1. If each residue's Cβ is checked for other Cβ atoms within 10 Å, how do VAL39, VAL115, VAL162, VAL70 rank with the fewest at the top?
2. Given the pairs LYS71/LYS173; LYS116/LYS173; LYS32/LYS142; LYS37/LYS155; LYS42/LYS137; LYS42/LYS154, which span a C-alpha to C-alpha distance of over 26 angstrom in this model?
3. Using only the alpha-carbon atoms, what does the chain span along each of its principal axes? Please give whole angstrom values in decreasing order.
4. Tell me, how many Å apart are the Cα centres for segment 167-193 and for segment 39-85?
5. Sequence gap at least 6, Cα distance under 8 Å: using those rules, report the relative contact order of segment 83-196 to the nearest whole percent.
6. Quick check: pseudo-label points 7 Å beyond the Cα along Cα→Cβ at GLU121 and LYS137, how many nm apart are they?
7. Net charge near ARG147: determine it from the other residues with C-beta under 9 Å of the C-beta of ARG147, scoring Lys and Arg +1 and Asp and Glu -1.
8. Taking only DSSP H segments of four or more residues, each worth -39500 (n - 2.57), what value at 222 nm results for the chain once the sum is divided by all its residues, to the nearest 500 deg cm²/dmol?
Amino acid sequence: MKEKILGVVFILVLGGLSAGLLSSVDNRLRGKIAENKEVAIKSSIMAAAGLEVPQGVEEVKNAFTENIVVKKAGEYSYYTGPGGIYLFEMKGPGLWGSIEGVLALMPDLETIKSVKIISQEETPGLGGRIGEEDFLKKFEGKSIAPRINIVAMKKAVASNEVDAISGATMSSKALENIINAGAEAFRSNVNIEDENDGS
């Protein structure tokens with residue numbers, strides 16, 4: 001009986017120590033994780049704006065502050081960059097997890113300057129290719145009006161069409177939905193005429 005009690009006490013003490021250690025590690029890393037996320041977003045926004053992204057946390061933060069203007073329309077946040085481009089974050093479900101990215105639009109608000117992926121959990125070598133530069137370059141100069149279409153069963157020919165990744169149609173279409181939803185959220189939250197009038 002005494003051995004059973006000692007065993008239970010040992011397990012409780014070990015469990016308490018483990019929980020305390022994990023909590024301590026979590027508290028120490030939480031700030032660093034948040035900072036890394038902030039730097040990843042700022043780096044992606046600068047890259048989408050066509051800016052060179054420096055190395056180092058403080059260098060990224062400083063370059064971002066010097067080149068990108070953070071704007072608010074109510075609770076909605078977006079950005080402006082050199083040459084009057086508009087940038088905004090977009091997020092939505094992919095095939096296996098969340099896809100987060102940045103969309104940059106030219107001042108006409110219809111032409112895509114670039115698309116950058118911040119994070120995604122798609123299948124490496126297939127859907128994961130949505131984050132590759134070769135695929136993302138296909139969006140440059142394409143029209144978002146009225147919406148971007150990623151086509152799978154034919155060759156992209158229209159000004160608002162991009163070829164899907166072969167073998168990853170579902171991930172490609174998920175990105176299509178995320179881009180279009182992001183553009184719609186931008187349009188419905190930001191009144192560019194008011195902004196240009198200085199109000």
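Where a number appears in this text, it was derived from the coordinates with a stated rule and is not lab data. Here the structure is a predicted model, which is why all the values come from computation and not from measurement. Glycine gets a Cβ as well: all are built from the backbone with ideal geometry, and neighbour counts include every protein chain shown.
1. On the way: VAL39 18, VAL115 27, VAL162 24, VAL70 11.
Fewest to most other Cβ atoms nearby, the residues stand as VAL70, VAL39, VAL162, VAL115.
2. Numbers: LYS71/LYS173 29 Å; LYS116/LYS173 16 Å; LYS32/LYS142 37 Å; LYS37/LYS155 36 Å; LYS42/LYS137 20 Å; LYS42/LYS154 36 Å.
Beyond 26 Å between Cα atoms: LYS71/LYS173; LYS32/LYS142; LYS37/LYS155; LYS42/LYS154.
3. So the extents along the principal axes, rounded to whole Å, are 79, 45, 32.
4. If you average the Cα positions of each part, the centres end up 20 Å apart.
5. Details: 207 pairs, mean separation 27.0, N = 114.
In percent, rounded to a whole number, it is 24.
6. 3.1 nm
7. Within the 9 Å Cβ shell, the charges total -2.
8. Values: 5 runs with 88 residues, N = 199.
Per the formula, -15000 deg cm²/dmol.
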